[in-house]
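The values are calculated or read from the model by the stated rules, or taken from the named source; none is laboratory data. Given the structure is predicted, the values throughout are model-derived calculations rather than measurements. With ideal geometry, Cβ positions are generated from the backbone for all residues, glycine too; neighbour counts draw on all protein chains shown.
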């Protein structure tokens, strides 16, 4: 049976998530992912050096042009390259890290314990299910957040309403994400198959759509301005030193440690409440 959360439980979820910050071990998955993100950023900043040059230089030259191999043009494409490699990192490794974090938080909320390696092994045992759910969720979200603005440009051009379409796509994309928000938790905590996990996520979302959206909206709206500004490289390069692009991406990585923490903890706690646990 799926329970509908009350306002008292909504506040209790936030309190529990703040209390969990007292235990540094629970931040470990997000610190690990941030470390991998910094490695990607470092690789892109040193694309002209071995062993990266053999792969990145031909790719940049082929898809963007030789001018983007040189300063300061290399900073123009840096956010685009970082975001796409980060998306790949999320699909290949991030799903395991999120699964591990879910297991650690669920165990902590139930009995104040959080086993790192046991949670890692659990996430690895569900690897293909996690990837499949991530793929479905990501495609659905990108169809809105990326496809919406692209369609607008194709039919109406990049006119005055384009920014509004971008913002609208962002908010609608969060709704799409909210529908899938509990599927990964269902796979990790209850061992559900893909179809069962998707159905469970939809059921919890329908019963608790408002709280679910709030849990997703708050972390995303905190980090979105920095992501957006980093993507506006033309503006950033015209106003600041090109290194500002790097500082913005570093800020995004550091902020994501905490935004991802609150996103995963609140949704995991909400899932347990909704299941009556």
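Here are a few things to note about the model shown:
- Qualifying residues in region 167-185 (those that are farther than 19 Å from residue 139 by Cβ and either within 18 Å of the chain's Cα centre (by Cα) or in contact (Cβ under 8 Å) with a residue 60 or more places away in the chain (or both)) - the one surrounded by the most Cβ atoms within 10 Å (Cβ to Cβ): 185
- Only listed residue being within 16 Å of residue 100 (Cα to Cα) and at pLDDT 95 or above, chosen from 257, 253: 257
- Candidates are the residues of region 13-42 that are part of a helix (DSSP H, G or I) and either free of Cβ contacts under 8 Å to residues at least 24 places away in the same chain or out of contact with any helix residue (DSSP H, G or I) (no Cβ under 8 Å at 6 or more places or on another chain) (or both); the one that is surrounded by the fewest Cβ atoms within 10 Å (Cβ to Cβ) is 24.
- Checked against (1) modelled with pLDDT under 95; (2) within 25 Å of residue 89 (Cα to Cα); (3) in a helix (DSSP H, G or I), residue 154 passes all but condition (2).
- Residue within region 239-246 that is in a helix (DSSP H, G or I), buried (at least 16 other Cβ atoms within 10 Å of the Cβ), over 13 Å from the mean Cα position of the chain (by Cα) and without any contact (Cβ under 8 Å) to a residue 24 or more places away in the chain present: yes
- The listed residues are 121, 84, and the only one of them that is surrounded by fewer than 16 Cβ atoms within 10 Å (Cβ to Cβ), within 18 Å of residue 231 (Cβ to Cβ) and without any contact (Cβ under 8 Å) to a residue 12 or more places away in the chain turns out to be 84.
- Candidates 89, 69, filtered to the one that is modelled with pLDDT of 90 or more and either surrounded by 13 or more Cβ atoms within 10 Å (Cβ to Cβ) or more than 25 Å from the chain's Cα centre (by Cα) (or both): 89
- Residue list for region 3-12, restricted to those being outside any helix (DSSP H, G or I) and crowded, with 16+ Cβ neighbours inside 10 Å: 5
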